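One structure is given below, encoded as structure tokens.
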Amino acid sequence: MTSSTPRVLFLVSLLLAPLAMAMAAAGADAETAAESGRRPIHLHFYMHDITGGPGQTAVQVVKGPGPPHPAMPGSHFGDTTVFDDALTEGPGGASSSRLLGRAQGTYTLASLREPVLSVAMTVVLTGGGGAAYNGSTIAVVGRDDVSASVRELAVVGGTGAFRGATGHVLWRTARMESRDHMVLELDVYATVPGASPPPRAGAVREAAAGLNDVNLE
């Protein structure tokens, strides 16, 4: 190994530490949920936010009256966008990966100096899960600091199979397909009351971390 190897390993550990800590917290939350009679759920999918060009799914509806944003050229404090983004099983678009649903809502540039968005969205599952999940929703709100490698948003409710859901979402930028197409990777860690409508047989598998991992098959 070269003399730079320890430094590289140290930098990698710094990048992975926030995600590792969040995953550990998710495992602890699952244990607490089991003790309280709530059922833990883990959902994983990719969200495609396309702000222009063919297949556009996000449209700016408010041009913020605030000052130009120092960290986001061309943007202004208060800019608000409404979106109806596809959710897919893999990072590829719907043409190459199974479509699982839509993420519908708004995000607003809510910081005067930092690249921070205030997000309010509803995850609507419409495919891949059969009748057990079609139409079930999860409500997500929170602060999205786009400069951070991993962001945490809150699960504040749900309907159908996710009625009474609470928890959090780990949200990260997976890749940029183009200047206008951002792919986000989402891990939803939530719990629902034990009496909530259960998923159909075979739709849930036990994950290594002890969570119920909904594979939407």
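The values are calculated or read from the model by the stated rules, or taken from the named source; none is laboratory data. All figures in this text were calculated on a predicted structure; none of them were measured in a lab. Glycine gets a Cβ as well: all are built from the backbone with ideal geometry, and neighbour counts include every protein chain shown. Accessible surface is based on the protein model in full, side chains and every heavy atom, while ligands, DNA and RNA are left aside. Shrake-Rupley method; radii C 1.70, N 1.55, O 1.52, S 1.80 Å.
Return the ratio Rg/(2.2 N^0.38 Å) for the stretch 55-112, where Rg is computed over Cα atoms only.
So the stretch 55-112 has a normalised radius of gyration of 1.40.
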Taking 8 Å as the Cα distance limit and 6 or more residues as the minimum spacing, I'd like the relative contact order of the stretch 39-193 as a percentage.
22
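With the Cα gyration tensor of the stretch 39-193 giving a ≥ b ≥ c as the square roots of its eigenvalues, does the rule (a/c under 1.5 for rounded; else a/b larger than b/c for prolate; else oblate) give rounded, prolate or oblate?
Cα axes put the stretch 39-193 in the prolate bin.
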Most positive-pole-ward Cα, PHE162, THR88, TYR189, against dipole of the stretch 39-193 from beta carbon charges:
PHE162
Ordering THR80, THR126 by accessible area with a probe of 1.4 Å, largest first, what comes out?
THR126, THR80
